[in-house]
1. Among the residues in region 322-336, are any surrounded by 14 or more Cβ atoms within 10 Å (Cβ to Cβ), in contact (Cβ under 8 Å) with a residue 40 or more places away in the chain and farther than 22 Å from residue 113 by Cα?
2. Residue by residue through region 150-180, note down the ones that are surrounded by fewer than 14 Cβ atoms within 10 Å (Cβ to Cβ) and under 25 Å from residue 89 (Cα atoms).
3. Could you list, in sequence order, all residues of region 285-300 that are away from ligand 2 (no atom under 12 Å from the Cβ) and over 16 Å from residue 53 (Cβ atoms)?
4. Can you give me the number of residues within region 29-61 that are touching a residue at least 24 places away in the same chain (Cβ under 8 Å) and in a loop (DSSP other than H, G, I, E, B)?
5. Which ranges mark the strands (runs of 3 or more DSSP E) fully within region 185-229 that have 3 or more residues being modelled with pLDDT of 95 or more and either within 22 Å of residue 88 (Cβ to Cβ) or under 15 Å from the mean Cα position of the chain (by Cα) (or both)?
6. Yes or no: region 240-255 includes at least one residue that is within 11 Å of ligand 1 (Cβ to nearest atom), within 21 Å of residue 270 (Cβ to Cβ) and surrounded by 19 or more Cβ atoms within 10 Å (Cβ to Cβ).
7. Taking the stated definitions as given, is residue 70 more than 19 Å from the chain's Cα centre (by Cα), more than 16 Å from ligand 2 (Cβ to nearest atom) and in a helix (DSSP H, G or I)?
8. Return the residues of region 186-213 that are within 23 Å of residue 42 (Cβ to Cβ) and either out of contact with any strand residue (DSSP E or B) (no Cβ under 7 Å at 6 or more places or on another chain) or within 9 Å of ligand 1 (Cβ to nearest atom) (or both); say none if nothing qualifies.
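The values are calculated or read from the model by the stated rules, or taken from the named source; none is laboratory data. The model shown is predicted, which means the values in this text are computed figures rather than measured ones. With ideal geometry, Cβ positions are generated from the backbone for all residues, glycine too; neighbour counts draw on all protein chains shown.
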Ligand code: OGA
Ligand code: NI
C-alpha cells in the first residue's frame, strides 16, 4: 500500500483546510442513522468523531493529567521503564519513524508510553507476541497512575466494541461479528499516551511530530487536547497530496480505520493516511489501537467479495501483520542497550 507522503510544501506556504467529519453519537437510539453516518464517513475520509461514548469528561481530564505527570518526569526516570519487546513501556523521542521515506534524518518528534492487555508471566498466553505484563511507573513516583490507566484501558475497549457493532452493520454483517473470541473477544488492544514536545514540523525537511502513516488494526480511538496538529490525506495517491486539519473536539474521540479493516473490507473502507505537524506548542494525545486476537486470520469478508470483485489482499494472521508493522516503524531495542553500556 502507498503509505508515503510526496508533499514538499511547508504548511506556511500551503495553508490547509479543516476537515468536516461526521459525528457518531453512541447514545443515539436510531442505530440506522448511526450506521448511515459511519458508512458515509468510512467511504469518504475514514475518520469520524464519536461522542456520548460513556467515558466522562472528568475521567478523561484525569487521564490527561496523569499522562502529563508521567512525561514531566526526568528522562532517566522514564528510561527505567523503557519499551520492551512486548511493546510495553516508554518510547523516547525519535524511537518511532512512521514515514521512513520522508523522515530521512530523524524519526517522530514525540515520546510515548504503551500499555497493553495485562497477561501474567505464568499464563501460557503470555508467550504470544503482544501479550505480557505492563510496565508501570513506581507507585510512590506517580500514585494512582496505574489504576487510572487500567480503568481507561477497560473503558476504551467498551467504546471500541460499540463502534465495532456499527461497523459490522455498515458492512452488512451480523451486529456481533466483531464480538467473536477471535475478533474483539480476546483483542490486542494498546493504549498509547503521546506527548509532542513543541518542535515546529517542516515537511520539506522531513520533520514531523508523527510522519504520514496509516494505523495497523481495526480502528483507533484518539483523544487529544485542544492543540491542533492532526492532519489527514483522503487520497494518498494524489500528487501533490492534499492535507486537511482535524479539529480537536472536547469530549469526543477521533476514530479512524486501520489497515486490517481495509483488508477485511477488500478496500471498501480505507485506512486513511494521517500525520501530526508540530506548530511550536506542546501537545498531548491518547491513542487506543484496537486489533483482533493474535490468531485471527484477517481475510476478505464474505460481504465484500464477489466473482467480479475477488479479494485484493491475501489472508494474513493478525500477529504476523502487526509484528511486521511494529518492526518496520520502531527502533531496534539494541540501540538503547548500546547507549546504556
Ligand atoms: C498515532 C496517531 C495522532 C495524534 O499514534 O497513530 O496517528 O494526534 N496519533 O497523536
Ligand atoms: Ni495514527
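1. Taking region 322-336 first, the residues surrounded by 14 or more Cβ atoms within 10 Å (Cβ to Cβ) are 322-323, 325-326, 329-331, 336.
After this cut, where a residue has to be in contact (Cβ under 8 Å) with a residue 40 or more places away in the chain as well, the list is 322-323, 325-326, 329-331, 336.
Narrowing the set further to residues that are farther than 22 Å from residue 113 by Cα leaves none.
The answer is no, given that none of the residues of region 322-336 is surrounded by 14 or more Cβ atoms within 10 Å (Cβ to Cβ), in contact (Cβ under 8 Å) with a residue 40 or more places away in the chain and farther than 22 Å from residue 113 by Cα.
2. 154, 158
3. Those that are away from ligand 2 (no atom under 12 Å from the Cβ) and over 16 Å from residue 53 (Cβ atoms): 291, 292, 293, 294, 295, 296, 297, 298, 299, 300.
4. Selection size over region 29-61: 6.
5. On the way: elements: 188-196, 210-213, 219-224.
Because the criterion is at least 3 residues that are modelled with pLDDT of 95 or more and either within 22 Å of residue 88 (Cβ to Cβ) or under 15 Å from the mean Cα position of the chain (by Cα) (or both), the strands (runs of 3 or more DSSP E) in region 185-229 that meet it are 188-196, 219-224.
6. yes
7. Working: more than 19 Å from the chain's Cα centre (by Cα): yes; more than 16 Å from ligand 2 (Cβ to nearest atom): yes; in a helix (DSSP H, G or I): yes.
For residue 70, the condition - more than 19 Å from the chain's Cα centre (by Cα), more than 16 Å from ligand 2 (Cβ to nearest atom) and in a helix (DSSP H, G or I) - is met.
8. Let us first name the residues in region 186-213 that are within 23 Å of residue 42 (Cβ to Cβ), namely 187-190, 192, 210, 212-213.
Residues satisfying the conditions are 192, 210, 213.
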